[in-house]
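Asker: Here it is, the structure, as structure tokens.
The values are calculated or read from the model by the stated rules, or taken from the named source; none is laboratory data. Fair warning: this is a prediction, and the values are worked out from it, not measured in the lab. Quick reminder, even Gly has a Cβ in these numbers, built from the backbone with ideal geometry, and neighbours come from all protein chains shown. Heads up: the accessible areas ignore ligands, DNA and RNA and are worked out on the full protein's heavy atoms, side chains in. Shrake-Rupley method; radii C 1.70, N 1.55, O 1.52, S 1.80 Å.
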Amino acid sequence: MRSLSITAALVCLALLNSAFAEEKLSMSDADKAMYAELLDNNPAEMEVSEGEQLFGALIGTAGYAKMLGVKEKDLPKYIAGFPRYVEPAKKVVTLAQTIQMAAAASEKPVPKLESKEMVKMSAYVKSIANGQKTNIDVKANKHMAEMMKLGQEVFEERRGGRGLSCNNCHSMDIVGQRLRMQPLPDLGAKETAAAGTWPAYRMTQSQMVTLDKRMQQCMKNALLAEIPLGSKEIVALEVYVTNKTKGNAISVPSVKR
Ligand code: HEC
């Protein structure tokens with residue numbers, strides 16, 4: 001039964017060829033060289049510094065810490081625990097959403113989640129926690145427990161024309177197999193460490209991408225309707241995926257294929 005369902009999933013994956021046509025196959029030697037080069041000289045570093053300036057002009061770390069109700073010196077550790085329940089929002093939110101909250105609290109224009117400015121600012125804020133270990137706590141309170149449960153449901157739900165779920169490509173049964181020569185990453189593996197490595201510079205897109213955007217790109221590739229940024233479901237997915245590599249060190253921005 002088990003091997004049957006794996007076979008069925010692989011057949012589905014084979015059918016996805018066209019959807020992945022625009023994705024490059026696994027890394028060529030030239031791509032590997034480029035990857036090494038980018039690690040040394042990551043173009044996203046520049047965007048993170050721009051994010052620092054934008055964030056400084058809009059809010060600043062002192063105002064941000066105050067809005068969150070934490071001491072400024074405790075920010076790195078606190079930031080390493082997102083998505084988390086925050087009292088002023090009365091719900092579980094992402095870092096990007098806290099930037100929106102802080103902007104609103106100081107009566108500044110609220111940046112859109114999709115905007116380039118937000119990608120830069122959220123990368124900067126996350127980088128404040130560089131070197132910290134991801135310390136998300138899905139048992140901290142009932143809100144987190146609920147979001148963890150919802151995240152798992154969304155991860156396992158089969159959707160779209162092909163009836164695929166995230167789990168079909170990212171379950172332990174199947175990881176390490178290849179889709180059009182592209183290895184399917186185990187989202188819980190240390191090397192992948194999805195939690196601590198986004199926002200990242202994506203080589204295939206020549207730009208910095210956030211974790212929620214990255215998950216939307218998977219949805220698009222697998223022909224699943226995209227779950228909107230800021231929705232409860234995408235925050236829940238981020239909780240679930242982040243929890244998989246809890247404890248890994250944060251290093252932002254990283255470089256991804
Ligand atoms: C059809 C197969 C497929 C489906 C379905 C799929 N993914 Fe992926 N996913 C991939 C592949 C292949 C990669 C790696 C691609 C690469 O290296 O560029 C990936 C990469 C990722 C990454 C980045 C991992 C890293 O390097 O940090 C995340 C996060 C992710 N997927 C989440 C999801 C989520 C959430 C869903 C469900 C909404 C999903 N994926 C559905 C195939 C899939």
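Asker: Name every residue in region 213-251 that is within 18 Å of residue 97 (Cβ to Cβ) and open to solvent by less than 10 Å² (accessible area, probe 1.4 Å), in order of residue number.
Answerer: 234, 235, 236, 237, 239, 241, 242 - these are the residues of region 213-251 that are within 18 Å of residue 97 (Cβ to Cβ) and open to solvent by less than 10 Å² (accessible area, probe 1.4 Å).
Asker: Now a separate question. Of everything in region 227-257, what is among the acidic types (Asp, Glu) and within 16 Å of residue 84 (Cβ to Cβ)? Give them in sequence order. Give the derivation first.
Answerer: Our first condition is that a residue be among the acidic types (Asp, Glu); within region 227-257, this holds for 233, 238.
Across region 227-257, the qualifying residue is only 238.
Asker: Consider residue 137 against the criteria (1) modelled with pLDDT under 95; (2) surrounded by fewer than 18 Cβ atoms within 10 Å (Cβ to Cβ): it satisfies all of them except one. Which criterion is unmet?
Answerer: Result: residue 137 passes all but (1).
Asker: So, in region 207-243, how many residues would count as being under 24 Å from residue 140 (Cα atoms), more than 12 Å from the chain's Cα centre (by Cα) and not acidic (Asp, Glu)?
Answerer: Total satisfying the criteria: 3.
Asker: Would you be able to say whether some residue in region 86-107 is more than 24 Å from residue 251 (Cα to Cα), assigned to a helix (DSSP H, G or I), assigned by TED's automatic domain parsing to the domain that holds residue 213 and free of Cβ contacts under 8 Å to residues at least 12 places away in the same chain?
Answerer: Checked region 86-107: no residue is more than 24 Å from residue 251 (Cα to Cα), assigned to a helix (DSSP H, G or I), assigned by TED's automatic domain parsing to the domain that holds residue 213 and free of Cβ contacts under 8 Å to residues at least 12 places away in the same chain.
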